[in-house]
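Only one structure is covered here, and it is reproduced in the block below.
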Amino acid sequence: MLLLLAGCATNPVTGAREFVMMSEAQEIAMGREADGEVRRQMGLYEDDALQRYVEEIGLALATRSHRPELPWSFAIVDSPAINAFALPGGFIYLTRGIMPFLSDEADLAGVLGHEIGHVTARHTVRAYTRASGAQLGLLIGSIFSPAARAVGGLAETGLGVLFLRYGRDAELQADRLGAEYAAISGWDPAGVRDMLSTLSRISEGADRRGVPSWLSTHPAASDRVERVGSILSELAARMDITGLRVNRRGYLDRLDGLVYGENPEQGVVRGRDFLHTELRFALRFPAGWEVVNTETQVVATQPGEEVYMVLQLVTDPETRDLETLAIDNMRSGGYRLDAGGETSISGLDAFVGTFTGGRGNDGQPRARIAYIDHRRSVYVLGGLAEAQAYDRVESEFNEAIRSFRPLTAAEAEEIRPNRIRFYIVQAGDTWQSIAQDAGHGIVPSNTLAIMNGFPVNEQPRAGDRIKLVVEG
Ligand SMILES: [Zn+2]
């Protein structure tokens, strides 16, 4: 069967015949399907002008690439992670979170050109073919059924696609193609080197929270900075690359007011509280636990212990009978009900039960899980622990479950995202003094330096216009 599906195709970049699993039509169809999933699950960032801007630059590069005929599309997804990714067929995304870490339009063209290169050289097709064989959906390892998904997050299928890995050679080829596409389209190809420098500084450990994606799929950025240096020299020998477009001012102007970090419309962690202004609920996890809002679920862990709590949303529940839903849903995750009953949590209908489960050698974990009906959605909120640890944490599980409550419109209004603003550096300012200034202390000084294209040990100059993160 595999042999029948596989075939040879000419690589558009190298011209070589190579063995691939799908035709261009199949590639486009697959990309289009995954694109729908990405848009539905991650959501696009709501700023039409910024979306159009990225699309215009992306299309300008793509039409001069090796595969101008693909149905190219470019979009900014509403994620705080620092990431850029491509799907087969020419569907390319930047995250909202990468935008502040680019310094000018040439950097932006560099990132877009690099991702275009992964598509034109058919890296995306080959990586997707490998990943499909490895069962994309299992990456999350959810203890709940596949019917449970993230609160405003990303489903299993989409997530697998985003974690496509390319080899080192593919990355270098994408850097080369990105620089070439930028230069022939009129942008300074040094943007490829500059954005790699910035991303390598992030990977050196200034502020890794919420930063994993581009870095985990793009290893050794610092190595590549040097290689790009020689790529730029080769380009300069072939064509005049002086005086090409950089447009720092125009790029920065478009970032004014950009949401930075978590978007309350997708849920924010504030201390031990998790608040969601769009879905209108709040809850409080146990004191001292670490709460992380991932793209797939909200997870709270007790430091040093194999004990955790999870919040997810049940998509398209098959029944509104919460007891039936809970039993069916948990059974598909290998758990059986020990005891439980219908109840009310903050005035909301709920079913709370204790379950024992574990497929394989999990050592019979126990779970205290609530299914809560709120505004036409059903939430799964619960705690899991090994059998011997369960009794110690059951009361904390119960307290957190009981804390789930609707958020009023007035409360939701008060929860505002942090945003990018600008500041003119004054004589004597340092990254440290700027970061410590009232209202500017949202991100640490190292992150401020990196965000503005500086090494962390180099100070800004008086008169520089720099990006800041401010409250509300
Ligand atoms: Zn790449």
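Has the range 131-147 got any residue that is within 16 Å of the ligand (Cβ to nearest atom), at pLDDT 95 or above and farther than 30 Å from Ser377 by Cα?
Checking the range 131-147: not a single residue is within 16 Å of the ligand (Cβ to nearest atom), at pLDDT 95 or above and farther than 30 Å from Ser377 by Cα.
Conditions: (1) modelled with pLDDT of 95 or more; (2) buried (at least 20 other Cβ atoms within 10 Å of the Cβ). Leu448 meets all but one. Number of the miss?
So Leu448 meets the others, but not (1).
Would you please name the residue that is nearest to the ligand (Cβ to nearest atom), looking only at residues in the range 159-183 that are at pLDDT below 90 and in contact with a Leu (Cβ under 9 Å, 6 or more places away or on another chain)?
The extreme case among them is Leu164.
Quickly run through the range 250-294 and pick out the residues that are at pLDDT 95 or above, surrounded by 18 or more Cβ atoms within 10 Å (Cβ to Cβ) and either in a loop (DSSP other than H, G, I, E, B) or small (Gly, Ala, Ser) (or both).
Leu258, Ala282, Phe285, Pro286
If I filter the range 339-359 for residues that are under 17 Å from Val307 (Cβ atoms), of a type outside the set (Val, Ile, Thr) and in contact with a helix residue (DSSP H, G or I) (Cβ under 8 Å, 6 or more places away or on another chain), do I get at least one hit?
yes
Please work out which residue is farthest from the chain's Cα centre (by Cα), limiting yourself to the range 103-125 and to residues that are modelled with pLDDT under 95 and away from the ligand (no atom under 13 Å from the Cβ).
If we take residues in the range 103-125 being modelled with pLDDT under 95 and away from the ligand (no atom under 13 Å from the Cβ), then Arg122 is farthest from the chain's Cα centre (by Cα).
What number of residues in the range 78-99 are more than 16 Å from the ligand (Cβ to nearest atom) and either within 19 Å of Trp187 (Cβ to Cβ) or surrounded by fewer than 24 Cβ atoms within 10 Å (Cβ to Cβ) (or both)?
3
Looking for whichever is in contact with a Pro (Cβ under 9 Å, 6 or more places away or on another chain) and assigned to a loop (DSSP other than H, G, I, E, B) here; the options are Arg461, Arg416. Which one fits?
When all the criteria are applied, what remains is Arg416.
The values are calculated or read from the model by the stated rules, or taken from the named source; none is laboratory data. The structure displayed is predicted, hence computed values, not measured ones. All Cβ positions, glycine included, derive from the backbone under ideal geometry; neighbour counts span all protein chains shown.
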